[in-house]
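Structure, as structure tokens:
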Amino acid sequence: MNTDYSAMPFCSNKIRFLGIGLAGLLLVSCGYYSFKGSLPSNLKTVAIPLFNDKTAYPNIREKLTDYVITKFVEDNTLAIVDETLADVIVYGTINSITQKAVSVEQGETTSQYKLTISVKVKVEDLRNSKVLFEKTIKQYGLLDATAGLEERDRVIDETLLLIGDEIVDSTIGSW
């Protein structure tokens, strides 16, 4: 059997060129993708007044408000300004902190609690006089049954940080 391989290098180069071209086309067509929302150009600033608090837990409203402000500063999509200058405003009410047994050992002894914080959030576009979103955000942390007040405060702080992240993500992604 006599096979002529002289056409193979040309064919091989053609396939290689076609493969590189398709890969390049694929990369270009994917373009730039971001998980952040596409903000309207007129929305550049945000105000975050002190959150309301129905729990009476010490300093919780100040902590959550500060965490949300910090998260917006880190995100750097909207600048923090006074309410009178804001394009967007974030209102929040801390509705509850609940603690529920999640891990029970022999003898029905609780070994771990689920500490849940519930916050109602409303975000308004002040330039277009419309509500961007309004929802209740719930986040939780786990607390050892033998934990003292210091440990409880740490779990609350971690949970508030998660809520702050979700508020910023929901605000930026609501457009």
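By the beta-carbon count within 10 Å of each Cβ, the least crowded to most crowded order of Tyr113, Tyr91, fewest first, is Tyr91, Tyr113. Here each label is just a point 7 Å from Cα along the line to Cβ, and for Arg127 and Glu108 those points are 6.0 nm apart. Our coupling estimate for region 162-168, obtained by passing each phi through the Karplus curve with A = 6.51, B = -1.76, C = 1.60 and θ = phi - 60°, is 4, 5, x, 4, 5, 5, 5 Hz, Gly and Pro reported as x. Spin-label point model (7 Å from Cα, Cβ direction): what's the Ala79 to Ala147 distance in nm? Each label point lies 7 Å from its Cα, and together they span 4.0 nm.
Any read-out appearing in this document is the output of simple, stated calculations on the displayed coordinates, not a laboratory observation. Quick caveat, the model's predicted, so the values are computed rather than measured. Every residue, glycine as well, gets a Cβ built from its backbone with ideal geometry; the counts of neighbours run over all protein chains shown.
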